[in-house]
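This report concerns only the one structure given below.
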Amino acid sequence: MPGPVKTEAVVLRSLRYGEADRILHLYTPRRGRTSAIAKGVRRARSRFGGRLEPFFRLNLILHEGRSDLLTVTSAETVTGHPRLREHAAALDAAARACDAVSRLFDTPEPHPGVFHLLCNELALLDGAVDGDRSHATHANQLAFRLKLLLAAGLAPQLAGCASCGEADHLTAFSGAAGGVVCSACEGSGFPLGEEAHGFLTAALGSPLADAPVAGERALRQADRAIAETAEHHAHVRLSRAAGGGPRSRGRGPDARQA
């Protein structure tokens with residue numbers, strides 16, 4: 001029945017609507033991806049203050065009426081990740097993380113593990129500002145995306161050839177086949193070096209905070225493998241992950257909101 005809904009949520013995106021409202025794209029543990037309207041939030045004396053911004057983790061009370069669009073009636077901050085916004089690479093990585101979740105998990109189906117994975121990634125990026133920037137890296141972003149593919153049931157086959165099952169001579173990756181392929185089947189894929197293969201395997205088995213180290217060439221190959229897996233099997237085109245070096249503020253997807 002329509003009525004109040006209490007939920008935690010991460011704000012994935014915020015869009016201006018009308019003269020003073022905003023439409024929020026949210027990710028929640030029990031309702032998946034959902035949207036809500038925050039009425040009057042852009043007024044100077046809004047009771048929501050600045051709490052309904054992208055990357056905020058919130059406790060919300062939403063009103064569910066006849067429309068698919070819920071209405072925000074109450075918002076309390078769990079964490080706003082304030083330091084994240086001080087570092088351009090961390091801000092860019094946060095925007096890309098939210099964009100990947102929005103694209104891969106764009107339904108109301110509950111995925112509590114995905115919600116907590118996103119919260120963990122945003123917390124790591126927020127903590128990457130004070131001296132230790134090891135989490136705002138290309139490797140960290142790729143490890144996060146791999147874990148999203150795993151949660152979606154789309155983790156690439158890495159232990160043997162995805163085409164014939166051969167365990168040796170794995171020299172390429174095929175998005176269409178769904179994983180690494182051997183030298184006999186490599187015509188269906190692109191070259192994947194040993195370091196990139198090792199990175200993909202280690203990233204799937206390591207905590208997000210311990211993303212393995214790899215060279216940029218290997219990371220570019222891993223990035224392509226992840227992107228092709230998502231495109232072939234989830235029919236989703238992910239923006240390419242960005243490295244952790246200095247970048248212009250706001251160049252990532254939705255880093256600057258309307």
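Numbers for the structure displayed
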item	result
DSSP bridge pairs, the chain: antiparallel proportion in percent, nearest 5	90 percent
Rounded if a/c under 1.5, otherwise prolate or oblate - the range 1-107, Cα gyration tensor axes	oblate
Within the chain, helix-based [θ] at 222 nm, where runs of 4 or more DSSP H residues each add -39,500 (n - 2.57), nearest 500	-10000 deg cm²/dmol
R0 of 25 Å, Cβ-Cβ distance Asp210-Thr79: FRET efficiency to nearest 0.05	0.70
Positive-end residue, the range 22-135 charge dipole about Cα centroid, Cβ charges, pick of Pro110, Leu124, Ser35	Ser35
Karplus (6.51, -1.76, 1.60) ³J(HN,Hα), θ = phi - 60°, over the range 9-14, in Hz, Gly and Pro reported as x	7, 10, 7, 7, 7, 9
Shape of the range 111-193, Cα gyration tensor, a/c cut at 1.5	prolate
Charge sum, other residues only, whose C-beta stays under 10 Å from Arg43's C-beta, Lys/Arg counted +1 and Asp/Glu -1	+2
Helical segments meeting 18 Å axial Cα length and Kyte-Doolittle -1.0 threshold in the chain (DSSP H)	88-104, 112-127, 138-151
Formal net charge of residues neighbouring Pro29 (Cβ-Cβ distance under 14 Å; K, R +1; D, E -1)	+3
Reference-scaled alpha-carbon Rg (2.2 N^0.38 Å with N residues) for the chain	1.08
Reference-scaled alpha-carbon Rg (2.2 N^0.38 Å with N residues) for the range 83-233	1.06
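Any read-out appearing in this document is the output of simple, stated calculations on the displayed coordinates, not a laboratory observation. Only a predicted model underlies this, so the values are computations on that prediction, with no experimental measurement involved. When we count neighbours, we look across all protein chains shown, and the Cβ atoms used for this are built from the backbone with ideal geometry, even at glycine.
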